[in-house]
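Worksheet: the structure to be examined is printed underneath.
The values are calculated or read from the model by the stated rules, or taken from the named source; none is laboratory data. In this text the structure is predicted, and so the values were computed from the model without any measurement. FYI the Cβ positions are ideal-geometry reconstructions off the backbone, even for glycines, and counts take in every protein chain you see. Surface accessibility is based on the protein's heavy atoms, side chains included, excluding ligands, DNA and RNA. Shrake-Rupley method; radii C 1.70, N 1.55, O 1.52, S 1.80 Å.
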Amino acid sequence: MTVLNLRIKIGPAFALLIAMLALPAYAEGPAAAAISGVVRDAKGAPQVGALVELLGPNLAVLANAFTDDHGRYTLQTIVPGTYNLKASGSFFLPTLRQNIRVAADSKIVVNLTLDTLYEAFRWLPAKPRQVDEPQDDWAWTLRLSANRPLLRMLEDGPLVVVSDGDGSTPALKARVTIRGGASQFGDGGLHHDFEMERSNGDGQQLILRADLSQAESASLNTVVGYAKQLGPGRTIRTVAAFEDRPDIEGGVRDQGLQAVVLRSSETMDLLPDVISAEFGNEIEAIHLGDNQFANHPFAGVSVHAGDNTVSYHMSTSPGAQHANEIDRAETLAPALTEQNGKLLLEDGLHQEISYERHKGRVTWRMTAYQDHINHPVVSGGGTLSLADWNSGNLLYDPNTDLLKATGQNFFSNGVLGEMRDHIGDDTWLSLAYAMGDALTMDSLSGPVTLEEGIGSLHPRRASMVTASINGKSKHAGTQWRASYRWQPTDTVTPVDSFNNQLPDPYLSFYLRQPIRCHILPYRVEALIDVRNLLAQGYRPFVTQDGSTLYFAQAERSIQGGLSFSF
């Protein structure tokens, strides 16, 4: 056996090269650089004791420093390269400056601003999502402008990103949800929901959604949305939705609802950080035996002065209200009824003037509104008779035994007061009180026809009180919400019916709980959605053929399912 011994001679130059490659990212040396600057709040006040961290490309902490009495910090002996800089302080969202290129022997000045949650939302180019809204439906807000901060949610909480690099890598989110249970009108059976959201670095965003449900017949609901930021403070959005509900019936001969909804909107800053405006339009085309077409514009303008905002808004449909909400799933279903065999869409003219003030963690809002409501939708349920069918005055969903009828047109004006309080790191409390008009139904004695039952509906002055508390567990990842919206039990339509930001009527709960399963390559969540748990507000009446029907502001609905995010 021959043993071959190899000897490699390492020269001084090669040894020096190996030593240079082995140097850590943060070390002393002749090529070291330094980063310094000042950390301030949004009003320009220096922040004492703020933590400034030097992060690598993988966001690992390489070094840190605290600001002095003048808000200044210094990070020295930094090897040339590309880094991220993060600043954090008590009662502020962390701020991240990305892609800082450090050259040899350079002295870089990087000043950072710490924002509160409210200030960060004000920088977003669209109206922020309300803090007490359910989180099961994704709603876009473009955050990709290079000269505006974006609010990013990380595992350890939100932070404000000052610069997001070139954004060359698209962001893609996908989710599959399986749900079922006692549902609302047109939403019965077992549902398979598919959602995808793609964001590109050039200010574009694409949303795709599909809802496939199986009851007596297969139903389909698809949504395609596109958004693009044209420049600082200017964003356009477009949404197209198609709905096919073959089980919806409009009478003994008419069955099968098809609807196409097209929405477009634009938001712009007329005067940056002072005056902003939005406007948009909705086009609906519906077929159910008869055809119905409608056009619904909306617009608004807001004036900002420090912590105060004054706004004017008008809309002509309860579904299309604000530019950044035109893709919300619960607003895309047409507010459709039938009267004397003819399809009708709920519309009107809603105008409001509001004043909003932010003080610390509390937001106050006072709104005065005026409504002209045409063909208001009244919801109900029960088993229909042949006479009810022949009346041509209702739509019926046999999967849920729910119906929709047309109430009389009415006029309303009123006020709405709201308060939102960020009572903890991940908990919000919302309270609201409103006064206005709503359709009511008095108790009926003896059997009546369906037309007499609908004819008994009339508007009257009523009050509304809402309370909602929601939050998210930082460790378990649980999202939850509990709410109660009270009105007099004889009211069958909501007070301030054009306001789709209020909680669901009466006692409602929502829960989304992550399920830890390390063997699966995706995130699994269990969800439960309960609305009007105590079945309040039902107004029953007996028809002449002996069947019992009822009207209600909201039916009891219980849904549960599993969600898989990729």
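Values for this structure:
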| read-out | value |
| --- | --- |
| Entirely in the stretch 85-145, the strands (runs of 3 or more DSSP E) that have 2 or more residues that are modelled with pLDDT of 80 or more and crowded, with 18+ Cβ neighbours inside 10 Å | 95-102, 112-114 |
| Residues located in the stretch 405-415, provided they are surrounded by fewer than 22 Cβ atoms within 10 Å (Cβ to Cβ) and in a strand (DSSP E or B) | Phe410, Phe411, Asn413, Gly414, Val415 |
| Residues that are surrounded by 14 or more Cβ atoms within 10 Å (Cβ to Cβ), within 22 Å of His372 (Cβ to Cβ) and of a type in the set (A, V, I, L, M, F, W, C), drawn from the stretch 287-312 | Ala294, Phe298, Ala299, Val301 |
| Residues within the stretch 31-51 that are open to solvent by less than 10 Å² (accessible area, probe 1.4 Å) and either among the basic types (Lys, Arg) or assigned to a loop (DSSP other than H, G, I, E, B) (or both), tallied | 1 |
| Close pairs from the stretch 69-84: first farther than 13 Å from Ala34 by Cα, partner among the polar types (S, T, N, Q) and part of a loop (DSSP other than H, G, I, E, B), Cβ under 6 Å, at least 6 apart | Gly71/Gln47 |
| Neighbours by Cβ (under 8 Å, 6+ apart or cross-chain): first from the stretch 362-387, closer than 16 Å to His313 by Cα; second part of a loop (DSSP other than H, G, I, E, B) and of a type in the set (A, V, I, L, M, F, W, C) | Tyr369/Phe498; Asp371/Phe498 |
| The stretch 52-65, subset touching a strand residue (DSSP E or B) at 6+ places or on another chain (Cβ under 6 Å) and open to solvent by 40 Å² or more (accessible area, probe 1.4 Å), residue farthest from Leu114 (Cα to Cα) | Leu62 |
| Failed item, numbered, when Thr400 is tested on (1) in a strand (DSSP E or B); (2) touching a Gly at 6+ places or on another chain (Cβ under 6 Å); (3) under 25 Å from Ala215 (Cβ atoms); (4) open to solvent by 10 Å² or more (accessible area, probe 1.4 Å) | (1) |
| Where Leu384 falls short, out of the listed (1) touching a helix residue (DSSP H, G or I) at 6+ places or on another chain (Cβ under 9 Å); (2) outside any loop (DSSP other than H, G, I, E, B) | (2) |
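Yes or no, residue by residue, for (1) β-branched (Val, Ile, Thr); (2) touching a residue at least 24 places away in the same chain (Cβ under 8 Å); (3) crowded, with 21+ Cβ neighbours inside 10 Å; (4) assigned to a strand (DSSP E or B):
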residue: Gly471; (1), (2), (3), (4): no, yes, no, yes
residue: His475; (1), (2), (3), (4): no, no, no, no
residue: Val495; (1), (2), (3), (4): yes, yes, yes, no
residue: Gln501; (1), (2), (3), (4): no, yes, no, no
residue: Asp504; (1), (2), (3), (4): no, yes, yes, no
residue: Pro514; (1), (2), (3), (4): no, yes, no, yes
residue: Leu533; (1), (2), (3), (4): no, yes, no, no
residue: Val542; (1), (2), (3), (4): yes, yes, no, yes
residue: Gly560; (1), (2), (3), (4): no, yes, no, yes
